[in-house]
Amino acid sequence: MGKIITKNMEKIYKKIELNAGDSIETAINCLSKFKEGNELAYCTFNGENLYSDIDNLNSAYKKITGKTKSEFDKEITKINLDYEKRKLKHKKVIEKLTKKWIEKGKSILDEKYHEKWVKCVPIRLNDLYEGMELSATLEIIKKLNSGCDLSLAKKLIEKQNHSGMSFALVCSMVKAFCDRGSEFVDYIQLKIK
């Protein structure tokens with residue numbers, strides 16, 4: 001039970017537990033059932049308390065996102081449209097980028113990796129990261145091929161600001177396209193533990 005003390009009286013609310021992944025709409029719908037029965041209930045959503053007798057969909061959105069439901073929806077629509085525009089723009093330059101990255105890879109990678117690199121580049125350019133990992137991989141391989149210390153290569157990958165997924169992808173690519181790749185990945189994994 002939760003308590004709220006108002007100016008003249010204390011209100012006692014029944015706490016409602018939400019499930020992971022529930023939406024703001026689900027929270028408000030759940031609370032509205034209590035409101036219909038003239039019961040007081042509350043739930044916590046993203047650190048904000050929502051109350052059956054106080055909150056509606058707009059006030060809940062305002063508490064949680066700083067925007068009303070319609071403002072939030074408009075922003076999400078804009079973000080999605082911008083994303084689609086960026087993806088379309090990227091798709092138009094993939095052919096040109098493919099040639100660029102193949103040539104750049106051939107200038108850094110040992111010849112025995114060239115054929116595999118030619119197959120890899122268009123796949124990477126069409127994925128979620130739009131080829132970001134190509135640059136990151138070649139930057140590390142260039143250092144490793146020059147004989148740098150593994151600690152320097154480790155610092156380099158750490159400065160590249162990877163997510164867990166892109167970090168693993170770059171490690172996998174370094175391993176696949178560099179003679180010292182396995183040694184590098186083993187060194188990183190040893191230092192992480």
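A few notes on this one:
- For the chain, the C-alpha radius of gyration divided by 2.2 N^0.38 Å, with N the number of residues, is 1.61.
- Theoretical ellipticity at 222 nm over the chain - DSSP helices of four or more residues, -39500 (n - 2.57) apiece, nearest 500: -21000 deg cm²/dmol
- When Rg and the Kirkwood radius Rh are both evaluated on Cα atoms of the stretch 63-160, their ratio Rg/Rh stands at 1.18.
- Angle of helix 69-108 to the longest C-alpha principal axis of the chain, folded into 0 to 90 degrees and rounded to 10: 10°.
No value in this document is a laboratory result; all are computed from the given coordinates. Quick caveat: nothing in here was measured; it's all calculated off a predicted structure.
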